[in-house]
Amino acid sequence: MSMLSQKTFCLYTYGCQMNEHDSERIAGMLESHGAVQVSSVEQAEIAIFVTCCIREAADVRLMGQVASIKNIPLPQGSELSKRIVCIGGCIGQRDAEKLPEALPHVDVVFGTQNIEHLVSLIEAAIIQGGHQVEVLDSSTSFSTELPSKRVHPWSAWLPVTVGCNNFCTYCIVPYVRGRERSRTLEDVVEEARGLVADGVKEITLLGQNVNSYGRDLYGEPRFADVLRGVAETGVERLRFATSHPKDLTREVIELYGSLGNLMPSLHLPVQSGSDAILKAMNRRYTAEHYLGLIEEVRKVNPDISFSTDIIVGFPGETEEDFQATYDLVERVGYSQVFTFIYSRREGTPAASMQDDTPHEVIQRRFDSLVDLVQENAFAQNQRFVGRTVDVLVEGASKRDERVLAGHSPHNITVHAPLPEGVRIDDIVGTVVPVRIDEAKAWYLSGAMLRD
Ligand code: SAH
Ligand code: SF4
Ligand code: F3S
């Protein structure tokens, strides 16, 4: 019997979908050893933090959170002498040496490349005590091969690549996730088949830059083949994240016109609308190239919704540079924009670039962009009023348990009151038609139709 049998654990996940995926594998692996997941640290004998260091705020918060659980007693009846505290993910990878000193009550530090060793590290911490630290530079396996416990049984993350080779000058990801590695086409499609057989309705293909999928294995990018192969499994909804504009091909764009289950939304991070800033960021495309891609996609399907990521206040950003970003956002008309204030990350090339724009100026730019984004989203969403959209139901709305919440094919949140006699448990994880009556900036609402 495993030493983890009947031990309780809780899992805190921060950062991107890659971490969400990894956490589902960690939960699956621990449960396959008999451990039991609980929702609060008070009930947990083992606390696991899957961390993110993309921006400074996340880093600082994590340290506080880990420190704050130090004095919470173990649950009653535990046979352990202390709670086993584990830090993994990107901070684990980056700070392996520093963490045990900074947070002495941490027992296990693991990284992004050795999730499959977590069980033995926890066992060693229980038997031997001390700090069990293991971080590897690279790995030959993929965490997706471990057992999974999906947060939503009907929706699955499916990594096609791990790591990143792009080295955008502001970004820490290549340093904490290693070089890009693709899984074989056969592996990806086989996993997708298994997921569909398991009742999964929505698959999101994952990679820091899915468009370069296959370059390491096949000598050329083959993301279009992945899309076709996974679409053929018959999965109801197919999505992917993230696309790098420098590698998005015509072949992939055309699939928006031919694959019925490829959802009509595209997340295409632009980061900035200024060519000078894009160059300093090492993004390797121009604003004009980016706008050309948006136009090409719209030619294939004029109804696609776009989302993007933007960094405000990159070192050296002038008022004109910012204006170029603002203009680009206005021209594209995004449904959603994730806006970030530049955060200096030690060890990246941008960290040593001259950065003297006052914080108030950056904040003003950021606020004006956020206002524009909201106006755009509101305007974009109006086109759905009067339409009936298919909604994959995720559960009851947080504010009202008689209201269902889910996502439309365009990846927009939809709310609708539950019709008389319908319980949320009956429809969760299924796709229902909703006639849209009202569109706000961040969600649509309407009436669920019965067929
Ligand atoms: N691989 C993905 C994104 C990964 S990180 C891609 O290239 O699209 C998600 C987003 O965080 C990035 O798109 C970027 O907008 C933002 N980001 C990354 N590093 C940042 C930093 N140092 N400061 C502020 N935002 C950052
Ligand atoms: Fe970071 Fe750029 Fe890689 Fe995205 S593509 S993870 S922004 S280095
Ligand atoms: Fe954060 Fe690591 Fe993802 S730094 S954004 S969790 S790859």
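The values are calculated or read from the model by the stated rules, or taken from the named source; none is laboratory data. Quick caveat: nothing in here was measured; it's all calculated off a predicted structure. For neighbour counting, all protein chains shown are included, and Cβ atoms are generated from backbone atoms with ideal geometry for every residue, glycine included. Accessible surface is based on the protein model in full, side chains and every heavy atom, while ligands, DNA and RNA are left aside. Shrake-Rupley method; radii C 1.70, N 1.55, O 1.52, S 1.80 Å.
Among the residues of segment 236-243, is any more than 16 Å from R193 (Cα to Cα) and part of a loop (DSSP other than H, G, I, E, B)?
Looking through segment 236-243, at least one residue is more than 16 Å from R193 (Cα to Cα) and part of a loop (DSSP other than H, G, I, E, B).
One residue is enough: does segment 109-119 have a residue meeting the conditions surrounded by fewer than 24 Cβ atoms within 10 Å (Cβ to Cβ), in a loop (DSSP other than H, G, I, E, B) and over 24 Å from the mean Cα position of the chain (by Cα)?
No, segment 109-119 has no match at all.
Rundown of residues vs (1) open to solvent by 40 Å² or more (accessible area, probe 1.4 Å); (2) farther than 20 Å from L103 by Cβ, yes/no style:
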{"site": "Q6", "(1), (2)": "yes, yes"}
{"site": "D22", "(1), (2)": "no, yes"}
{"site": "H33", "(1), (2)": "yes, yes"}
{"site": "A67", "(1), (2)": "yes, no"}
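I'm checking my understanding of the structure. Among residues of segment 209-235 that are surrounded by 18 or more Cβ atoms within 10 Å (Cβ to Cβ) and assigned to a loop (DSSP other than H, G, I, E, B), which one is farthest from ligand 2 (Cβ to nearest atom)?
Filtering first and then ranking leaves T233.
State whether the residues of segment 238-248 include one that is in contact (Cβ under 8 Å) with a residue 24 or more places away in the chain and more than 20 Å from the chain's Cα centre (by Cα).
yes
Out of segment 394-451, which residues are surrounded by 15 or more Cβ atoms within 10 Å (Cβ to Cβ) and among the aromatic types (F, W, Y)?
Hit for segment 394-451 is Y443, nothing else.
Which ones in segment 179-231 are under 20 Å from R25 (Cβ atoms), polar (S, T, N, Q) and within 16 Å of ligand 3 (Cβ to nearest atom)?
T204, Q208
Is segment 33-53 home to any residue that is among the acidic types (D, E), without any contact (Cβ under 8 Å) to a residue 12 or more places away in the chain, more than 16 Å from ligand 1 (Cβ to nearest atom) and not in a helix (DSSP H, G or I)?
No: segment 33-53 contains no residue that is among the acidic types (D, E), without any contact (Cβ under 8 Å) to a residue 12 or more places away in the chain, more than 16 Å from ligand 1 (Cβ to nearest atom) and not in a helix (DSSP H, G or I).
Please go through segment 244-270 and give me each residue that is within 19 Å of E220 (Cα to Cα) and within 16 Å of ligand 3 (Cβ to nearest atom), ordered by number.
The answer is H244, and nothing else.
In segment 138-175, what residues are hydrophobic (A, V, I, L, M, F, W, C) and near ligand 2 (Cβ under 8 Å from one of its atoms)?
Selection gives C164, F167, C168, C171, I172, V173.
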